[in-house]
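Structure record follows, encoded as structure tokens.
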Amino acid sequence: MEDKQVKGYQKKILSLLLKKYQNSLSFQTGTPGKQRPQLTMAKSELAEDYEDELDFRKREWIHTALKELCQEGIIEVTWPKLKENIQVHKVYLNFEGVERAYQLLGETPKEDKLRRMMEILSSLTAHPWEWVRTWQQETCAKLEERKSAGLDIDDPQGYEDLMKVLKALPELEDSTPKRVFSQTLFQDSKYFEKRLEGRLINLLRKIYPEELDKDEEYLDQVGIVNNPKLTLLSGPLIIQPDLNLSYFPGGIGLSAESVKELIIQNIPAQTILLIENLTTYHEVLGAPAILPLPVLAIYTGGFPHKSTQKLLEKISGFLGNHHHQGEGLGIYHWGDIDYGGIRIFEYLRRNFFPSLRPYRMDGATYLEYESSGLPFGEEQARKLETLLCDPSYGEWHEVIEMLLKHRKRVEQESIRVG
């Protein structure tokens, strides 16, 4: 019984001292400093047991634990004058005893854990996505400085699996159901969902170039979905062999495989209209003409998922290679008049259509519907203020200033179609 208690206190003492060591400048530099890691008994987590007047054995066990650790050269104990072996003042961790301290605890030294993490992350050095490489470089730089960089360094296997996921993502040409992805990568259809999804989402929220609202949207952007998603469109898009999608007056939903295989033959439209929200998309299909006919309407669902991105790339590429097709063609995006809607517009313009123009997202439309708008708080206000400082959002300054003045956002669904 006594030996068990003594060993328990030894582990607690070593854990407290090693924690202080790991947070010290000596650990970060890798060079022992003048001041050793220490704890003051009266102010430590051991104080309650050490001063327990109802059970004097606790103090004796702590003294025995300290004596044995001193004999091994791991620690040094100081006592107040005239109270040697009676009242401990401070306990110091000897730098030369650090390795033995880890051994007694049965723990891997923190520097070894950090080194292992660097080895694991090194597999991303040549990753095709720049934002992943940047994260890898910045994280390894912090690990090199003996900082954990926000990683759970006690879970190397988890990060090996995460690296496996990150390396597999660029190879996903289409949106892939998460359980299919998991089965392919780990031979277990639920492994990703149970063990890795949360960690991947947390990482994407920190490093993905676009700020999104929902976890599902982050997974969409890297090609992982709960279930296959269709790309919805309606209007004059002619694909080989001579199939005009305008023959489907209610629109059509294309699977990822269909988008992948289709070859655009012609786009006999006067207008291409990208639409953020599903309700408005369906309203547009049944409404009187709102833009020069014929109109090719495409539902983006906010930031478009991977298959819709593929279709937009094909349309953009076709127009780029057939300049006469683009003559007189107006390309518009219609979305919410708020922080998210503005950023979605700029994402679509930056990545697909440089000549993209906003539709019904101007200051006049905002003022017309502001009274029925939804209020937003300080967080959204701060984000809008950052856009005012970004030159690439210069065309939006009037609308952003109105949003900040009225503190209301206007959803696309509240704006009349036609």
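The values are calculated or read from the model by the stated rules, or taken from the named source; none is laboratory data. Quick caveat, the model's predicted, so the values are computed rather than measured. Cβ placement follows ideal geometry from the backbone for every residue including glycine, while neighbour counts extend to all protein chains displayed. Ligands, DNA and RNA are stripped out before the accessible areas are found, and what is left, the full protein with its side chains, is counted by its heavy atoms. Shrake-Rupley method; radii C 1.70, N 1.55, O 1.52, S 1.80 Å.
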Requested in this report: May I ask you to compute the full-extension gain from Ala42 to Ser189, defined as 0.36 nm times their residue separation minus their alpha-carbon distance, rounded to one decimal in nm?
Outcome: 47.6 nm
Report summary line: Cα-based Rg/(2.2 N^0.38 Å) for the range 103-153, rounded to two decimals, is 1.26
Requested in this report: Straight distance only, please: which lysines reach the Cα of Lys113 with their own Cα at less than 18 Å, same-chain residues fewer than 8 apart left out?
Outcome: Lys19, Lys20, Lys142, Lys147
Query raised in the report: Scaled to the compact-protein estimate 2.2 N^0.38 Å, what is the alpha-carbon radius of gyration of the range 1-117, rounded to two decimal places?
Result: 1.09
Query - Partner lysines for Lys314 [C-alpha distance under 16 Å; skip if fewer than 8 residues away on the same chain] - result: Lys260, Lys306
Query - Cβ-Cβ FRET estimate between Ser122 and Lys12, R0 fixed at 22 Å, reported to 0.05 - result: 0.05
Report summary line: For the pair Tyr247 and Arg205, the simple spin-label estimate (label points 7 Å beyond Cα toward Cβ) gives in nm 4.8
**Report entry** Proximal lysines to Lys408, defined as alpha-carbon separation beneath 17 angstrom and excluding residues fewer than eight positions away on the same chain
**Finding:** Lys383
Report task. Find the relative contact order for the chain and round it to a whole percent, using C-alpha pairs within less than 8 Å whose residues are 6+ positions apart. Result -> 10
Query raised in the report: When the label point is put 7 Å from the Cα of Ala364 along its Cα-to-beta-carbon vector, which residues of the range 277-313 have a backbone N closer than 17 Å?
Result: 290-292
Query raised in the report: Okay, helix-only estimate at 222 nm for the chain: each DSSP H run of n ≥ 4 adds -39500 (n - 2.57), divide by all residues, round to 500 deg cm²/dmol; what do you get?
Result: -14000 deg cm²/dmol
Query raised in the report: the chain: D in µm²/s via Stokes-Einstein (Kirkwood Rh, Cα pairs, 4 °C, 1.567 mPa s)?
Result: 49
Query raised in the report: Where nothing but the Cβ of Lys and Arg (+1) and of Asp and Glu (-1) is charged, how large is the charge dipole of the chain around its Cα centre, in debye to the nearest 20?
Result: 940
**Report entry** √(5λ) per eigenvalue of the Cα gyration tensor, the range 324-383, largest first, Å
**Finding:** 27, 15, 6
Report summary line: Given Cβ charges of +1 for Lys and Arg and -1 for Asp and Glu, the option among Pro236, Ile207, Ser182 whose Cα lies farthest towards the positive end of the dipole of the range 178-240 is Ser182
Requested in this report: Could you estimate the translational diffusion coefficient of the range 192-242 from the Stokes-Einstein equation, with Rh from the Kirkwood formula over C-alpha pairs, at 4 °C and 1.567 mPa s, in whole µm²/s?
Outcome: 97
Requested in this report: Report the equivalent ellipsoid semi-axes for the range 53-112 in whole Å, largest first, defined as the square roots of five times the eigenvalues of the gyration tensor built from alpha carbon atoms.
Outcome: 25, 14, 9
Query raised in the report: Rounded to the nearest whole Å², what accessible area per residue is found for the chain with the 1.4 Å probe?
Result: 52
**Report entry** Of Lys12/Lys214; Lys110/Lys194; Lys190/Lys310; Lys7/Lys34, pairs whose Cα-Cα distance is over 32 Å
**Finding:** Lys12/Lys214
**Report entry** Mean separation of Cα contacts under 8 Å (6+ apart) over length of the range 295-418, as relative contact order %
**Finding:** 28
Query raised in the report: To the nearest 0.05, what FRET efficiency results for Asp3 and Glu76 with a Förster distance of 25 Å applied to their C-beta separation?
Result: 0.60
Query raised in the report: How long are the three semi-axes of the equivalent ellipsoid for the range 161-288, computed from the Cα gyration tensor as the root of 5 times each eigenvalue, in whole Å, largest first?
Result: 34, 17, 12
Report summary line: Taking the alpha-carbon centre of each part, the distance from the range 54-92 to the range 276-347 in Å is 74
Query raised in the report: How large is ³J(HN,Hα), in whole Hz, for each residue of the range 192-208 in order, when computed from phi with the Karplus curve 6.51 cos²θ - 1.76 cosθ + 1.60 and θ = phi - 60°, using x for Gly and Pro?
Result: 4, 4, 7, 10, 10, 4, x, 5, 5, 4, 4, 5, 4, 4, 8, 10, 5
